[in-house]
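Presented below is the structure to which this report refers.
Just so it is clear, none of the values below were taken in a lab; they were calculated from the coordinates. This structure is a prediction, so every number in the text was calculated from the model and none was measured. When we count neighbours, we look across all protein chains shown, and the Cβ atoms used for this are built from the backbone with ideal geometry, even at glycine.
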Amino acid sequence: MSKIVSISLLYFLVMIMLGCGNGEKNTENNSTPSQNKAETSSQKTKNILIFGNSLTAGYGLEPTESYPSQLQNRLDSLHLPYKIINAGLSGETTSGGNSRLDWVLKNPVDIFILELGGNDGLRGIPATETRKNLQAMIDKVKAKYPDAKIILAGMQVPPSMGKKYADEFKVIYTELAQRNEVALIPFLLENVGGEVKLNQKDGIHPNAEGAKIVAENVWQVLKGLLEEYTG
């Protein structure tokens, strides 16, 4: 009788050990899909590179007030897998941007927003040179990241620069967008440029309220290029 009890007890202990072993194995397997999901989510994050001057850099604003930061907040609130890279540099011209771009393009790019030319206009740089530099930058992005979507942010110069120059400058962006088949923001500072209450004391750079409108101007074009956005 004691032999039967001993065998039964041994069998019971073996079954407990096997049960524990299976529990550990199942726990390990259950954690794997979660880890894979996190890794997959991370891999799907796409980069939006905004390449520009002080308008993009957020001159005179708190970092959170710049239009790229506001766009990132909007993307996050919609749970869209995009990361904005702010590559704005105060004082940048199209010539300087063209020289700097190769280094910036070391980061993978899914959407490229080109916001340059404003400083060219304020300095009276010939429109032909601005056009040439913008085209060169578009070419570089297409060559390195053929699948990247490109947005060209249109700029205008104040009337004080002369009507002839202002007209020549304004059409640069429309013509380049059509020629290269890229998206166009007709005028980045629409409803902001020239509005005293929406600009800083220099009359050139948007204040916090103005930056909100600029972010909206960009969003109206950007949202159409976001594959995951259905709003």
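Here are the numbers for this structure:
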quantity: Additional length obtainable on full extension of the chain from Ser90 to Asn191, 0.36 nm per residue less Cα span; calculated: 34.2 nm
quantity: Tail weight of P(r) past 15 Å, computed on alpha-carbon pairs of the range 123-176, percent; calculated: 51
quantity: Sorted peptide list for 122-128, 106-112, 68-74, criterion being average Cβ within 10 angstrom, highest first; calculated: 68-74, 106-112, 122-128
quantity: GluC sites (Glu not before Pro) within the range 107-215: DSSP coil, no more than 12 neighbouring Cβ in 10 Å; calculated: Glu181
quantity: Placed amide H near Asn47: partners under 5 Å, 5+ positions off or other chain; calculated: Lys83, Asp110, Ile111
quantity: Pairwise FRET efficiency - Glu209 versus Lys142, Cβ, R0 = 45 Å, nearest 0.05; calculated: 0.80
quantity: Within straight-line cross-link reach of Lys164, lysines at Cα separation under 28 Å, skipping those fewer than 8 residues along the same chain; calculated: Lys132, Lys201
quantity: Straight-distance crosslink candidates among lysines, where the alpha carbon sits under 26 Å from Lys223 and sequence neighbours closer than 8 are dropped; calculated: Lys37, Lys44, Lys46, Lys83, Lys106, Lys140, Lys142, Lys144, Lys149, Lys170, Lys212
quantity: Rounded, prolate or oblate (a/c below 1.5 giving rounded, otherwise prolate when a/b exceeds b/c) for the range 32-173 by Cα gyration tensor; calculated: prolate
quantity: Note, ³J(HN,Hα) from phi for the range 119-125, Karplus 6.51, -1.76, 1.60, rounded to Hz, x at Gly and Pro; calculated: 6, 4, x, 5, 9, x, 5
